[in-house]
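Asker: For reference, the structure I am asking about is given below.
The values are calculated or read from the model by the stated rules, or taken from the named source; none is laboratory data. Bear in mind that the values here come from a model prediction, so they are computed numbers and not experimental data. When we count neighbours, we look across all protein chains shown, and the Cβ atoms used for this are built from the backbone with ideal geometry, even at glycine.
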Amino acid sequence: MTVAQPLLLDCTRMVAHRWSRRMPTGIDRVCEAYLAHFGPQAQAVVQLRGRARVLTPSQSQALFAMLDGPRSAFRRRFAGLAAMLGTGARGRTDVTGAIYLNVSHTDFDLDSHRDWLSNTRVRPVYLLHDLIPIEHPHFTTPRKTSRHAGRVRRALDAASGIIANSHTTADAIAAFAMSEGITPPPILGAPLGAPYLPVPAARTTVQRQASFVCISTIEHRKNHMLLLDVWKRLIAKMSEAAPRLALIGRWGVGAEAVRSRYLADPQLQRFVSIHSDCSDSELAGHLRSASALLAPSRAEGFGLPVVEALTLGVPVIASDLPAFREVGGSIPTFLDPSAPEAWLERIREFASNGPERQRQLAALRSYRAPRWRDHFGLVEDWLASLPEGSGASVHVHHRSAGIAMPSALAGAAS
């Protein structure tokens, strides 16, 4: 199935992420899924601080091929495309009424983006991943809270429609709109699909100790400090028999305390490893060999690592959050994220393959992972139902503003 209307796909974050060579986050995986699904029929949009550039169909397919190609070659190939666009002949593309998809939270809070919407008369559709900086401002910086509030308000004011990554997020958007006295555009709650992870190679050696894994950006709201506290106590109680823990994710906001605590404790470093640049195959290997995924986060909009773990048949111990219950159903073991004693006891039980882990393994035999096919089926039917836009034809000049140079795009990858 394809969307009948012209479709523009914002690729700003994907370009910035590939250029910076950072480990992908959940948002990056969603961007990749949208590119894989809509790329064959879409035209690419790249922004520079809200000022957007629409690529021609041939330029778009060239960019999509780069984004889907080897990461090692991206900088060289994109620099060549950027140079060609900056010196090419003038051209104009009529994008009036086209659906513009921005699924990466990229720069749609900026006034320059609002002006672009007004000038081009596209129909913007934004995917919102969460409202966490608004609902829990103490987990981030005032600037990030302000920008995200701007994104959500802009989406509510200007969007032709809003896609939410879960029903939990859809409910939060509707509640925020009501609190602000805003009549929202159509909102679609469309749970995300399970990301593809390569099948890890079979182990050639027997693992002596149990291991656990936590996959998330290392930041204050993800609650890594609880895990360090628990592991310190596990080491004290179990000595060399203590399980291993792999923390997989980039360093983020409020990670200084975790970094300092970890670096100051050689004993923790023997049992806990941190992987801030992990390939998909390495991530799958850590996950598949773990006794459980640990997800002690204090707030979430979806919970992609939980889906990843359950898809691979790995048990999960997670915070008791609506988003985790939505994606995990009754399979995970849910705990209070502020109760370290409960986490300690459950982790010890799972390390010895106790009855609760056995319950999960039995339940996982009937687990059916959410599919991207179902997500995009919902999205395409919903996009087709959105009212047609109207307005005079407006043209985009392909040379007037040029294309953003990679260094100027770097902030979009954060």
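Asker: Could you please let me know if R270 is free of Cβ contacts under 8 Å to residues at least 40 places away in the same chain, farther than 24 Å from E32 by Cα and either in contact with a helix residue (DSSP H, G or I) (Cβ under 6 Å, 6 or more places away or on another chain) or surrounded by 19 or more Cβ atoms within 10 Å (Cβ to Cβ) (or both)?
Answerer: Answer is no for this residue.
Asker: In addition: Let me confirm something: among A155, A174, which residue is in a helix (DSSP H, G or I), free of Cβ contacts under 8 Å to residues at least 60 places away in the same chain and more than 22 Å from T12 (Cβ to Cβ)?
Answerer: After ruling out the rest, the residue left standing is A174.
Asker: Report yes if L245 is in a strand (DSSP E or B), more than 22 Å from the chain's Cα centre (by Cα) and more than 21 Å from A323 (Cβ to Cβ), otherwise no.
Answerer: Working: in a strand (DSSP E or B): yes; more than 22 Å from the chain's Cα centre (by Cα): yes; more than 21 Å from A323 (Cβ to Cβ): yes.
Yes, satisfied.
Asker: Can you go through A149, A73, A155, A164 and tell me which one is closer than 21 Å to S20 by Cβ and of a type outside the set (F, W, Y)? Steps first, answer last, please.
Answerer: Working: A149 fails: closer than 21 Å to S20 by Cβ; A155 fails: closer than 21 Å to S20 by Cβ; A164 fails: closer than 21 Å to S20 by Cβ.
Of A149, A73, A155, A164, the one residue that is closer than 21 Å to S20 by Cβ and of a type outside the set (F, W, Y) is A73.
Asker: Filter region 372-397 down to the residues that are surrounded by fewer than 14 Cβ atoms within 10 Å (Cβ to Cβ) and modelled with pLDDT of 95 or more and list them by number.
Answerer: R373, D374, G377, D381
Asker: Hey, another quick one. Among (1) in a helix (DSSP H, G or I); (2) aromatic (F, W, Y); (3) surrounded by 21 or more Cβ atoms within 10 Å (Cβ to Cβ), which single condition is F302 missing?
Answerer: (1)
Asker: Another question, then. Just checking, does region 6-28 include any residue being within 22 Å of R114 (Cβ to Cβ), among the basic types (K, R), out of contact with any strand residue (DSSP E or B) (no Cβ under 7 Å at 6 or more places or on another chain) and crowded, with 17+ Cβ neighbours inside 10 Å?
Answerer: Checked region 6-28: at least one residue is within 22 Å of R114 (Cβ to Cβ), among the basic types (K, R), out of contact with any strand residue (DSSP E or B) (no Cβ under 7 Å at 6 or more places or on another chain) and crowded, with 17+ Cβ neighbours inside 10 Å.
Asker: Another question, if that's okay. Wholly within region 249-295, which helices (runs of 4 or more DSSP H) include no fewer than the required count, namely at least 2 residues that are closer than 22 Å to R221 by Cβ and either among the aromatic types (F, W, Y) or assigned by TED's automatic domain parsing to the domain that holds H224 (or both)? Can you show your working first?
Answerer: Values: elements: 256-263, 266-271, 280-288.
The qualifying helices (runs of 4 or more DSSP H) are 256-263, 280-288.
Asker: Moving on to the next point. What is the one condition in (1) surrounded by fewer than 22 Cβ atoms within 10 Å (Cβ to Cβ); (2) touching a Gly at 6+ places or on another chain (Cβ under 9 Å); (3) of a type outside the set (K, R); (4) within 30 Å of H220 (Cβ to Cβ) that A149 does not satisfy?
Answerer: (2)
Asker: Listed residues A257, A323, A342; which is of a type in the set (A, V, I, L, M) and surrounded by 17 or more Cβ atoms within 10 Å (Cβ to Cβ)?
Answerer: None of the others qualify; the one that does is A323.
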